[in-house]
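The values are calculated or read from the model by the stated rules, or taken from the named source; none is laboratory data. Fair warning: this is a prediction, and the values are worked out from it, not measured in the lab. Here the Cβ positions follow ideal geometry from the backbone for every residue, glycine too, while neighbour counts run over all protein chains shown.
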Amino acid sequence: MRVWLVTNDMSGGNDATRLEHLRGQFCNSAMQIIRHTRFPAVDAPVPAALDAAAIDIVAVFAGDGTLNAVISGLAGWSGAVLALPGGTMNLLYRRLFGDMDCDEAIRRAASGDLLRRRPGTISCTAGTAYAGLLAGPATAWYNVREALRDFDLAALAESAGEALEESFQGEFVRCDAPELGRREGYPLLALNPLDTAIEVAAYHAESAAEVLEQAAAIVRRQFREGPHDRLGKVSEVRLASVEGDPFEILIDGERAGARPLEVFTLEQAPVDLLASIAHD
């Protein structure tokens, strides 16, 4: 199989040692790396370039944000994308492969022993989420996470203070249609894409203890462990800021802005993704 490899040197799980090991695994499995793109310094491959090089698989060894950019640019391509865990959270990889390790995923891709799947996604005017989407003022805790990753103590102190203030005093977001949960809204709503529905969860800020518990979960990159309520499963949901201002969203971990009213719709991935799990 002919492979076009995409990596991101800034991804949390991506370094020279792991990249060299990855190349060795492709070589051992008789998958030939024809091209290697270091995103975002170089643009992600597009269908015309892939077809010209007779590429079978685009392998992306990076985080969810890079995977999002690559997949979104491959709409209509007849090949398949192999997501590999080169980031910090690797939510999409776990959605497709569960606990399978990276080496096994490559071996099974080489043997043709993987499914071609088009998982459910969440679409809005700001983009498409393949792993998950967060909305509300508590997304400010991701600035704390980035400051920790960069070992920037000054930014850490500033962003932590801002995130605490936003969690208590920021403009909350609610499920406007259908009406799910509290009309006064929440500091954080999580939309999780499944193949047949969008799963909606609401995260609390009832007390200082809950705010700190949620903040710790986000900073550990395990926001789903924070205190929350499951509000239901829908095919489409409209979120609204309680006071009518634009609100912040994170699409696969990347910051984006939303309008005061924003509709999120269940769609389907625009290209085949290789997976060991048939559906969710």
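Among the residues of region 137-147, is there at least one that is surrounded by fewer than 17 Cβ atoms within 10 Å (Cβ to Cβ), in the same structural domain as Ile251 (by TED's automatic domain parsing) and either at pLDDT below 80 or over 25 Å from Gly73 (Cα atoms) (or both)? Give the steps one after another, and end with the answer.
From region 137-147, those surrounded by fewer than 17 Cβ atoms within 10 Å (Cβ to Cβ) are 146; that's our starting set.
Restricting the remaining residues to those that are in the same structural domain as Ile251 (by TED's automatic domain parsing) gives 146.
If we keep only those that are either at pLDDT below 80 or over 25 Å from Gly73 (Cα atoms) (or both) as well, we get 146.
Taking every residue of region 137-147 in turn, at least one turns out to be surrounded by fewer than 17 Cβ atoms within 10 Å (Cβ to Cβ), in the same structural domain as Ile251 (by TED's automatic domain parsing) and either at pLDDT below 80 or over 25 Å from Gly73 (Cα atoms) (or both).
Filter region 7-62 for residues that are in a loop (DSSP other than H, G, I, E, B) and under 16 Å from Arg107 (Cα atoms) and give the result.
Just the residues of region 7-62 that are in a loop (DSSP other than H, G, I, E, B), to begin with: 8-15, 29-31, 39-46, 53-56.
Residues satisfying the conditions are Ser29, Ala30, Met31, Asp56.
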Checked region 96-113 for anything more than 13 Å from Phe61 (Cβ to Cβ) and buried (at least 22 other Cβ atoms within 10 Å of the Cβ); matches are Leu96, Phe97
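Return the residues of region 1-18 that are β-branched (Val, Ile, Thr) and either surrounded by 22 or more Cβ atoms within 10 Å (Cβ to Cβ) or touching a strand residue (DSSP E or B) at 6+ places or on another chain (Cβ under 8 Å) (or both); say none if nothing qualifies. Outline the logic, then answer.
Our first condition is that a residue be β-branched (Val, Ile, Thr); within region 1-18, this holds for 3, 6-7, 17.
Answer for region 1-18, where residues must be β-branched (Val, Ile, Thr) and either surrounded by 22 or more Cβ atoms within 10 Å (Cβ to Cβ) or touching a strand residue (DSSP E or B) at 6+ places or on another chain (Cβ under 8 Å) (or both): Val3, Val6, Thr7.
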One residue is enough: does region 55-68 have a residue meeting the conditions over 21 Å from the mean Cα position of the chain (by Cα) and either buried (at least 21 other Cβ atoms within 10 Å of the Cβ) or touching a residue at least 40 places away in the same chain (Cβ under 8 Å) (or both)?
yes
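Being among the β-branched types (Val, Ile, Thr) and surrounded by fewer than 17 Cβ atoms within 10 Å (Cβ to Cβ) is the filter; apply it to region 243-274 and report the residue that is nearest to Gly79 (Cα to Cα).
Residues of region 243-274 among the β-branched types (Val, Ile, Thr): 249, 251, 263, 265, 271.
With the extra rule that they be surrounded by fewer than 17 Cβ atoms within 10 Å (Cβ to Cβ), the set shrinks to 263, 265.
Numbers: Val263: 30, Thr265: 25 Å.
Taking the candidates together, the pick is Thr265.
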